[in-house]
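The values are calculated or read from the model by the stated rules, or taken from the named source; none is laboratory data. Worth saying up front: this structure is predicted, and the values here are computed from it rather than measured. FYI the Cβ positions are ideal-geometry reconstructions off the backbone, even for glycines, and counts take in every protein chain you see. The area values use the complete protein model at the heavy-atom level, side chains included, leaving out ligands, DNA and RNA. Shrake-Rupley method; radii C 1.70, N 1.55, O 1.52, S 1.80 Å.
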Amino acid sequence: MKQIKKLLLIGIFLFCILPSIAQDKQPNTLKNHDIGQSWSASLKKFKKKAAAANIIFTFPKGFKEIKAPDNEDFSFDYAMELPGKDFEIWFLVKSQKENWASYQRTLNDKNTRLANPDSLYLGLGTANAIAFTGGRDYFTRSIPQRVAARYNADAGKSYLLTLLDMPITKHYKYALLITLQKDHMGTILAVCFSNEKGPEFFNNMNKASNCIKFEP
């Protein structure tokens with residue numbers, strides 16, 4: 001357990017803190033050579049959905065777009081891999097603007113009680129953690145507010161997962177799942193897959209750790 005906690009802390013540090021150091025080195029816009037061609041239809045659709053939740057996505061250097069899973073078990077908006085590294089990331093973004101408006105309209109209605117949409121990221125993260133692990137072998141930790149703020153988020157959770165052996169996840173062994181929440185705006189969920197959970201995993205993850213954030 002101590003080793004798992006240590007690995008999770010290392011993952012949070014590399015995913016959330018190092019980007020603030022390397023921020024100036026990241027490209028501000030996606031160029032054609034970053035995915036080998038002009039923006040794909042999938043990327044255009046993802047960036048449009050992200051923008052609706054006040055989320056900015058910048059395609060990271062060295063990655064390659066892959067098909068995101070979209071079925072009754074796992075539904076994600078976008079995915080990419082680091083060629084030759086046994087490492088990939090799946091993204092899911094959700095706008096909470098309409099949910100927040102509905103929630104405000106029912107605050108004084110005793111007959112209608114809606115869940116506060118600003119807390120939905122908790123259920124979203126836990127549901128995916130359970131789906132990936134079968135409800136076993138995952139450890140969760142809250143992301144400190146000062147760290148979430150670097151992504152212009154108000155809150156977040158991280159989950160270190162030991163994955164079920166499944167074809168849809170290409171039989172990856174481990175994953176780090178990150179959720180970030182911007183109150184009244186939206187939610188980011190990112191899942192980073194690997195076959196090992198040592199320094200190389202977190203080094204690969206750091207290469208993409210500044211690619212997505214909320215607008216200031």
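Stretching Asn203 away from Ile56 to a fully extended chain increases their span by 50.7 nm, per 0.36 nm per residue minus the current alpha-carbon distance.
Using the Cβ-Cβ distance between Glu72 and Ala41 with R0 set to 30 Å, the FRET efficiency works out to roughly 0.85.
Above 23 angstrom, tally the Cα pairs of the range 58-216 and express them as a % of all pairs, no decimals. The proportion of pairs with Cα distances above 23 Å equals 40 percent.
Rolling a 1.4 Å probe over the protein heavy atoms of the range 176-216, with every protein chain left in place, gives an accessible area that is 55 percent carbon and sulfur. In this structure, the residue pairs whose Cα-Cα separation is over 24 Å, taken from Lys67/Lys182; Lys67/Lys170; Lys44/Lys85, are Lys67/Lys182; Lys44/Lys85. With r defined as the distance between the Cβ atoms of His171 and Glu215 and R0 fixed at 35 Å, what FRET efficiency is calculated, to the nearest 0.05? The calculated FRET efficiency here is 0.45.
Peptide packing for 173-186, 116-129 was compared via the average number of neighbouring C-beta atoms within 10 Å per residue; ordered from the highest value, the list is 173-186, 116-129.
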